[in-house]
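The values are calculated or read from the model by the stated rules, or taken from the named source; none is laboratory data. Everything numeric in this text was worked out from a predicted model, so none of it was measured. As a convention, Cβ positions derive from the backbone with ideal geometry for all residues, glycine included, and neighbour counts pool all protein chains shown.
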């Protein structure tokens, strides 16, 4: 069975999470500089069987699009051109950063490690993936 990959897209870096082959467990994979995201995905898709990519959809509390949506739309267009056969879905990502930070606290992670924004992005991507899998 192919994997599902989730992206917490950001201006500077993008968190990446992926399922196991049975699509049961969501795990953080890495954080990639956003400018290197498409080459990273190309290499990953060559190595792993992925059937679906989830991209976080940032929304305001009133459900309107956030400011970063313009950048995400540009990425989505580039993604569709580069990977026309890959299915892509959007997933509401409100509160994922706060949830990621809280999970770091709950797990007993030291304060210095919690300041690692790349780790927060990776955990956020994992939460996006979990919300899709377990809904």
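Within region 29-65, can you find the residues that are modelled with pLDDT under 95 and part of a strand (DSSP E or B)?
Within region 29-65, 56, 57, 59, 65 meet the criteria.
In region 87-96, what residues are at pLDDT below 75 and either out of contact with any strand residue (DSSP E or B) (no Cβ under 8 Å at 6 or more places or on another chain) or in a strand (DSSP E or B) (or both)?
Answer for region 87-96, where residues must be at pLDDT below 75 and either out of contact with any strand residue (DSSP E or B) (no Cβ under 8 Å at 6 or more places or on another chain) or in a strand (DSSP E or B) (or both): just 95.
Take the conditions free of Cβ contacts under 8 Å to residues at least 60 places away in the same chain, crowded, with 19+ Cβ neighbours inside 10 Å and touching a helix residue (DSSP H, G or I) at 6+ places or on another chain (Cβ under 9 Å) and apply them to residue 32. Does it pass?
It is true that residue 32 is free of Cβ contacts under 8 Å to residues at least 60 places away in the same chain, crowded, with 19+ Cβ neighbours inside 10 Å and touching a helix residue (DSSP H, G or I) at 6+ places or on another chain (Cβ under 9 Å).
Can residue 26 be described as within 18 Å of residue 134 (Cβ to Cβ) and at pLDDT below 70?
no
Can we say residue 81 is loosely packed, with under 15 Cβ neighbours inside 10 Å, at pLDDT 70 or above and outside any helix (DSSP H, G or I)?
So residue 81 fails the test.
With the structure loaded, tell me whether residue 7 is under 10 Å from residue 122 (Cα atoms) and either surrounded by fewer than 21 Cβ atoms within 10 Å (Cβ to Cβ) or in contact (Cβ under 8 Å) with a residue 40 or more places away in the chain (or both) or whether it fails that test.
So residue 7 fits the description; yes.
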